[in-house]
Amino acid sequence: MGATLVLEDESGFSLVSPLKRTWSRRGQTPVWKTSIDHHQRLNLLGALLVSPKGKRIRLCIRSYWISLTGKEVIAFLQQILDRVSDPMVMVWDRHPIHKRKTVQDFLASHERLHMFYFPVAAPELNPAEFIWTQATEYTAGTAPHNAKELKTNVFNAIARTRTSQKRLQACLLGTHLDWIN
């Protein structure tokens, strides 16, 4: 078919970052100060774009400070359509925003997009989940104080993954499925 494989997922990051192990002198408990505002959340749509022969993997990301709706999904899909000229086989989960009528109408109007779904409750099969695993690992323990610091930390994590074919391949290998061969 000569199609680009598109593996999509969404995630979010808040000012309350996960903590990693840390150390301190005996009897001196370390203290990490962070923002108490749990409502500010950076929501991301991300997709791994695997070339038809599997030799190149790219990462496409779109971010929002609002809750994701069908409108944001359509903007992300258009971003992918603008970047890839080949036909596309897109695989994503069964999140309710993917099933919105506006999203389904958009998909129906683009013959280059062939849609498939991951099984229900099987995030371990979606390689795009590992984008967020790498970003969470990178941002753990950073304790951003405001939205600007959060965005900087998350985008530094994304840049680290985006610029490394080994990290992008690790996303595919993390599922233990044969995506490329």
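The distance between label points at GLN78 and VAL16 comes to 3.5 nm (points 7 Å beyond Cα on the Cα→Cβ vector). Maximal additional length on extending the TRP65-PHE116 stretch stands at 15.6 nm, based on 0.36 nm per residue less the C-alpha distance.
When both bridge partners sit in the chain, DSSP labels roughly 65% of those beta bridges antiparallel. Here is how the number arises for the chain: DSSP H runs of 4 or more residues each give -39500 (n - 2.57), the sum is divided by the residue count, and the result at 222 nm is -10000 deg cm²/dmol.
The smallest convex shape that holds all Cα atoms of segment 66-171, its convex hull, gives 133 Å³ per residue.
Here segment 38-98 was treated as a single set of alpha-carbon atoms; its pair distances binned every 5 Å from 0 give 4, 14, 26, 24, 16, 9, 4, 1, 0 percent.
Using a simple spin-label model with pseudo-atoms 7 Å out from Cα toward Cβ, SER164 and LYS151 lie 2.5 nm apart.
Size check on the chain: the Cα extents along the three principal axes, sorted descending, read 63, 34, 28 Å. Looking at segment 38-116, the trypsin sites (Lys or Arg not before Pro) that sit in a DSSP loop and have at most 12 other Cβ atoms within 10 Å of their own Cβ are LYS53, LYS55, ARG56, ARG94. Annotation note: chymotrypsin sites (Phe, Trp or Tyr not before Pro) in segment 42-109 located in DSSP loop regions with a Cβ neighbour count of at most 13 within 10 Å are TRP65. Between the residues HIS145, LEU5, PRO30, the greatest Cα displacement towards the positive end of the dipole of the chain, with unit charges on the Cβ of Lys, Arg, Asp and Glu, is found for PRO30. Listed from fewest to most Cβ neighbours within 10 Å, the set ILE57, ILE74, ILE66 follows the order ILE66, ILE74, ILE57.
If the chain between SER24 and LEU125 were fully stretched, how many nm would it gain, using 0.36 nm times the residue separation less the Cα-Cα distance?
Taking SER24 through LEU125 to full extension adds about 32.5 nm, to one decimal.
For LEU113, the residues whose modelled amide H falls within less than 5 Å of its own, excluding neighbours fewer than 5 places apart on the same chain, are MET88.
Any read-out appearing in this document is the output of simple, stated calculations on the displayed coordinates, not a laboratory observation. Remember, it's a predicted structure, so these values are computed and weren't measured experimentally. FYI the Cβ positions are ideal-geometry reconstructions off the backbone, even for glycines, and counts take in every protein chain you see.
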